[in-house]
Amino acid sequence: MPHYLTQVAYTPEGWNAMLKDPEGRRAMVRATIEKLGGKIDSQYFAFGDYDVIGIAEFPDNISAAAIAMAVSAGGAVRSVKTTPLLSVGEAQEAMRRAANSGYRAASAGA
């Protein structure tokens, strides 16, 4: 299954809810992801622009987009960023295809 990196930034209200029940969200998020056909690979809290970083597998882009939409619509986060991930093998295949695509940059001249 394809992998996706998700970065989430909480609102102050979201943090307030987390402080009241630090254990409650993990099970809810896991159940939601599984209902969409996905699986959590890893989850971390972080410093910086994003508060939670996770890597999950989803069957397709639509399922990955659905969890991002559901989380965003909930109102407890100010930002959700989802990045599709490629395995090393997939990236190498993409590089091979790019090399043989026939693309020429506009700056390459006539």
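The values are calculated or read from the model by the stated rules, or taken from the named source; none is laboratory data. Since the structure is predicted, the reported quantities are computational estimates derived from the model, not experimental observations. Reconstructed Cβ throughout: ideal geometry from the backbone, glycine too, with neighbour counts over all protein chains shown.
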Grab the helices (runs of 4 or more DSSP H) fully contained in segment 12-110, keeping just those with 2 or more residues being surrounded by fewer than 13 Cβ atoms within 10 Å (Cβ to Cβ) and within 15 Å of the chain's Cα centre (by Cα). 61-73
Scan A64, A73, A98, A94 and give me the residue that is closer than 24 Å to A17 by Cα and either in contact with a Leu (Cβ under 6 Å, 6 or more places away or on another chain) or not acidic (D, E) (or both). A73
(1) at pLDDT below 95; (2) hydrophobic (A, V, I, L, M, F, W, C); (3) not in a loop (DSSP other than H, G, I, E, B): which one isn't true of L5, the others all being true? (1)
